[in-house]
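K.L.:
Here you go, one structure.
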Amino acid sequence: MLNASPRREGNVGRMLEAVRHEAEACGAVVEVLRVQELSVHPCLGCMKCRSTLRCVLPEDDAQRVLRLLQECDGVVIGAPCYWGNMPGTLKLLLDRLVYGLMGESRRGVPVGLHRGKRAALLVTGTTPWPFNIWFRQTRGTVRALREVLRWSGFRIVRTLERGGTKHHPQLTSRDLSRCKALARALVRP
């Protein structure tokens, strides 16, 4: 699980914790990484990694995350919505992982390296429902993450969007039910 929220006890963190508990109850082994706490150098955009299959930058947490993604059966990404997109720390991490997420055919067509793996997305935002969807706030974040995961070969089995967190920060029983359903969809054979 990748928690891209800078708030340890925020809605994303609490929802991911509910997902984790349910996934573990279903027999999954779960590791949670807080993106904010990772040490990841910005991508140089040199594209060397595409031919060498390794980053030219010194070893940092990006390579550790990539190894975990290569070993896992599925991933959950939880993120708050920042201007209709993912937080910059998550984007920075995903930029650094591109060579381990997708390859290319001889003709330059992208080839996902994680075929058969499942993914789930959990996104929160302060924009009230249904405007968070209509105005592409949480929906924009989901779209951006879907793009990365689909080209990487992951099959997205569930998304959860929760808007209106500014005025309704407390999780409801419905929120927790949706988190549990997300976990079950991810670990289901």
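Just so it is clear, none of the values below were taken in a lab; they were calculated from the coordinates. From a predicted model like this one, the values you see are computed outputs, not experimental measurements. Neighbour counts run over all protein chains shown; Cβ positions are idealised from the backbone, glycine included.
K.L.:
Taking the Cα centre of each part, how many Å lie between the range 28-49 and the range 126-184?
P.N.:
Their Cα centres are 21 Å away from one another.
K.L.:
Follow-up question, since we're still on this one. Can you work out ³J(HN,Hα) from phi for every residue in the range 168-174, in order, using Karplus 6.51 cos²θ - 1.76 cosθ + 1.60 and θ = phi - 60°, giving whole Hz and x for Gly and Pro?
P.N.:
9, x, 6, 6, 9, 5, 5
K.L.:
What is the log10 of I(q)/I(0) for the range 2-187, computed with the Debye formula using one identical point scatterer on each Cα and no solvent, at q = 0.15, 0.17, 0.20 Å⁻¹?
P.N.:
Computed log10 I(q)/I(0) values: -0.88, -1.11, -1.45.
K.L.:
Right, here's the next one. Would you calculate, for the chain, the mean residue ellipticity at 222 nm contributed by helices, counting each DSSP H stretch of 4 or more residues as -39,500 (n - 2.57) and dividing by all residues, to the nearest 500?
P.N.:
Working: 8 runs with 78 residues, N = 189.
One gets -12000 deg cm²/dmol as the mean residue ellipticity at 222 nm.
K.L.:
Please give the helix 138-152 orientation as an angle from the longest Cα principal axis of the chain, in degrees from 0 to 90, rounded to the nearest 10.
P.N.:
So the helix axis and the longest Cα principal axis differ by about 30 degrees.
K.L.:
Find the Rg to Rh ratio for the range 98-189, where Rh is the Kirkwood radius over alpha-carbon pairs and Rg uses the same atoms. It would help to have the intermediate numbers written out before the result.
P.N.:
Numbers: Rg = 15.7 Å, Rh = 14.6 Å.
Here Rg/Rh amounts to 1.08.
K.L.:
Considering the convex hull of the alpha carbon atoms of the range 12-109, report its projected area averaged over all viewing directions, in nm², one decimal. Before the final figure, lay out each step's value.
P.N.:
Working: hull surface 31.1 nm².
Taking a quarter of the hull surface, the average projection is 7.8 nm².
K.L.:
With +1 on each Lys and Arg Cβ and -1 on each Asp and Glu Cβ, and nothing else charged, work out how big the dipole of the chain is about its Cα centre, in Debye to the nearest 20. Could the numbers behind the result be given before it?
P.N.:
Working: 31 positive and 16 negative charges, 136 e Å.
Once rounded to the nearest 20, the dipole reads 660 debye.
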